[in-house]
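The values are calculated or read from the model by the stated rules, or taken from the named source; none is laboratory data. Here the structure is a predicted model, which means the values were calculated and not measured. Heads up, the Cβs are rebuilt from the backbone with ideal geometry, glycines too, and the neighbour counts pull from every protein chain shown.
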Amino acid sequence: MTFSPALEERFAKMLRAYPEGKQRSAVVPMLIYAQDEVGSITPELIEEVARRCGVETLQVDEVIGYYSMLHRRPMGKYHVQICTNISCMLVGGEELYEHARKKLGIGHKEVTADGQFSLEEVECMGACSWAPAVEINYDFHHFVTPEKLDKLIEDLRKAQ
């Protein structure tokens, strides 16, 4: 499997950063960066990361099963994650998630028909002091209200 020259360089630098025999530590970041470029974690990608890190494909597959930010299916161009864990729940996280479901017309880990948005209910973003929290791709948004979420979504739609 081939990647862009920039990603190939990032992988090479990452693997050099770990001592001999410890390249398995690069599995998670390699999967995240490759997922960003490829769009999802494919069987071919699993084999490639396993080969480069010197681990079995089953070990990479186990990592994917554990981390919710790794996806076997392509997500939307804008992946909206809404925290519904206790701190966010207490200040409207569940209601915010339901609002997003209605606004986007999709459910958990589903993608809009145009491929622009996907939605995911997540357990914790580590932003309890700023609840309710939303992450869109890698951008965090704190103290999100339904109105603020509507504006974020509309701004992203306009940017297309």
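In a loop (DSSP other than H, G, I, E, B), crowded, with 16+ Cβ neighbours inside 10 Å and either at pLDDT 95 or above or not assigned by TED's automatic domain parsing to the domain that holds ILE32 (or both), is that true of ILE153?
In short, no.
Residues in the stretch 62-107 that are among the charged types (D, E, K, R) and in contact (Cβ under 8 Å) with a residue 24 or more places away in the chain were compared, and the one that is farthest from PRO146 (Cα to Cα) is ARG72. Residue count for the stretch 18-38 under the criterion of being more than 21 Å from LEU58 (Cα to Cα), out of contact with any Leu (no Cβ under 6 Å at 6 or more places or on another chain) and surrounded by 12 or more Cβ atoms within 10 Å (Cβ to Cβ): the result is 1. Of the residues GLU135, GLU120, GLU48, the single one that is among the acidic types (Asp, Glu), more than 27 Å from PHE11 (Cα to Cα) and surrounded by 14 or more Cβ atoms within 10 Å (Cβ to Cβ) is GLU120. Is there a residue in the stretch 108-115 that is more than 30 Å from MET14 (Cα to Cα), buried (at least 16 other Cβ atoms within 10 Å of the Cβ) and either among the acidic types (Asp, Glu) or in contact (Cβ under 8 Å) with a residue 12 or more places away in the chain (or both)? The answer is yes; a qualifying residue exists. Residue selection: LYS158 satisfies the criterion of being exposed (fewer than 13 other Cβ atoms within 10 Å of the Cβ) and not hydroxyl-bearing (Ser, Thr, Tyr). Checked against (1) under 21 Å from SER40 (Cα atoms); (2) without any contact (Cβ under 8 Å) to a residue 12 or more places away in the chain, ASP155 passes all but condition (1). Here's a check for you: in the stretch 1-38, which residue that is part of a helix (DSSP H, G or I) and of a type in the set (D, E, K, R) is farthest from the chain's Cα centre (by Cα)? That would be ARG16.
Restricting to the stretch 67-79, give me the number of residues that are more than 9 Å from the chain's Cα centre (by Cα) and in a loop (DSSP other than H, G, I, E, B).
Count: 6.
Condition test on ILE82, is it part of a loop (DSSP other than H, G, I, E, B), of a type outside the set (Lys, Arg), surrounded by 17 or more Cβ atoms within 10 Å (Cβ to Cβ) and at pLDDT 95 or above?
When the stated conditions are applied, ILE82 does not pass them.
Restricting ILE64, ILE41 to those that are assigned to a loop (DSSP other than H, G, I, E, B), out of contact with any Phe, Trp or Tyr (no Cβ under 9 Å at 6 or more places or on another chain) and surrounded by 15 or more Cβ atoms within 10 Å (Cβ to Cβ) reduces the list to ILE41.
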